[in-house]
Each structure stands twice: as C-alpha cells, then as structure tokens.
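Data block below; observations after.
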Amino acid sequence: MKEYISKNELETKKIAYEFAKTLNNNSVIVLNGDLGSGKTKFVNGLAEYFKVSNLVCSPTFTIVNEYPVKQSEKVSYIYHFDVYRLNGSDDFIDSVGTDYFDKGLCIIEWGNIIKDILPPNTIYISIERISSNDNFRKITIYEKGDVLV
C-alpha cells in the first residue's frame, strides 16, 4: 500500500503520471472516491503519461471511453469506465462485457460496484478529501496482496 497527499489537481495528475510507469495492457485499476474527489483528474494523469491526445472525461453516460495509445510498447488502449449508474456486475456484463480486461489498460471509476467480476490482479485506488483543506486529497494505492478498500 502506498499513500500520497495531493494539495491540488496538478499534484493528483503528477502522482498518477508516476504510477502509470508501472502499468501495462493487463492492468485493471479501480478508482473509488466521492463525486468530485479527483478520480477523473487521476485518469488524466495516466493518459498524459501515455500521450493520449484526446480530452479525457468521465464516461458517466456512455459507460466506457476508449483512448488509443500510440507511443507505448506497454499499453495499446486505455479503456476508461464509469459504472456509477450500473446496478451491479450483471449490468456491466450485459452492457459492455469483460473482454476489455484483456485488451488494454482498464480504469474503472466506482469499480467496487462490479468487484465480484474483476480479475485478481486488480489495483484499487482510493481518493479521499482531507477535511482540514477541501483541495487536499489522500490517494491510497492498494496493490495485489494489500487489504482492499
């Protein structure tokens, strides 16, 4: 488990950028945090590392956004999911399926909703506001073998 304190959106993106160096096509990441906590900013930092040219935004209504990666040997696509509006794993399987998990880097906002169908190597990331300063965030990265959130 690794913990970071971010004081602003730029720092959140920098933390994600550095973390992206450890990822590949089989990586599945779950981002958990309240609305407005910085989940999509974190995804922006990952996308920056992989030089994604498209604007990264939360796929709240489309469920998944696909971003081709052109300058990486480790990742060919980034699949960015937002499963907030789904009622569970069955909805996910019916709407998009699990084939994505083998095709590229998968980043899932609100992923605990579908936790029962995620691969065992899933990395869980928690982003929490710090009560003493609304701009500060505690970012905790739980890797394989860590206690899950």
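Near K14, which lysines are there with a Cα under 20 Å away, not counting those fewer than 8 places off in the same chain? Within reach: K2, K39, K41, K51, K74, K138. Which of the aspartates and glutamates could a cross-linker span from K13 if the Cα-Cα distance has to be under 12 Å and same-chain partners fewer than 8 positions apart are dropped? Counting by Cα, and skipping residues close in sequence, K13 has these aspartates and glutamates nearby: E48.
Of the GluC sites (Glu not before Pro) in segment 13-111, the ones in a loop by DSSP (not H, G, I, E or B) with at most 16 other beta carbons within 10 Å are E73. Using θ = phi - 60° in the Karplus curve 6.51 cos²θ - 1.76 cosθ + 1.60, the 3J(HN,Hα) couplings for segment 40-45 round to 5, 4, 4, 4, 4, x Hz; x is entered for Gly and Pro. Amide hydrogen proximity for F136: with H placed 1.01 Å from N in the peptide plane, the residues at 5 or more positions away or on another chain lying under 5 Å are I130.
Its Cα gyration tensor gives the chain an equivalent ellipsoid, and the semi-axes of that ellipsoid, as √(5λ) in whole Å with the largest first, are 22, 18, 15.
The HN-Hα couplings worked out from phi for segment 3-8 by the Karplus form 6.51 cos²θ - 1.76 cosθ + 1.60 (θ = phi - 60°) are 10, 9, 10, 9, 9, 6 Hz, whole numbers, x standing for Gly and Pro. With both bridge residues required to lie in segment 2-142, what share of the DSSP beta bridges run antiparallel, to the nearest 5%? Bridges in segment 2-142 that DSSP calls antiparallel: roughly 55 percent. Rounded to the nearest Hz, the phi-derived 3J(HN,Hα) couplings of segment 9-18 under the Karplus curve 6.51 cos²θ - 1.76 cosθ + 1.60 (θ = phi - 60°) are 4, 4, 5, 4, 5, 5, 4, 5, 4, 5, where x marks glycine and proline. Excluding the site residues themselves, the longest part of the chain lacking any trypsin sites (Lys or Arg not before Pro) in a DSSP loop with at most 14 other Cβ atoms within 10 Å is 104-143. Rounded to the nearest 0.05, the FRET efficiency derived from the C-beta distance between K7 and T60 at R0 = 22 Å is 0.25. Taking Cα centre as origin and charging only the Cβ of basic (Lys, Arg, +1) and acidic (Asp, Glu, -1) residues, the dipole magnitude of segment 1-134 rounds to 520 debye.
Laboratory data are not the source of any read-out in this text; all were calculated from the coordinates shown. Just so it is clear, the model here is predicted, and its values are computed rather than measured. Positions of Cβ are generated from backbone atoms using ideal geometry, with glycine treated the same way; all protein chains shown enter the neighbour counts.
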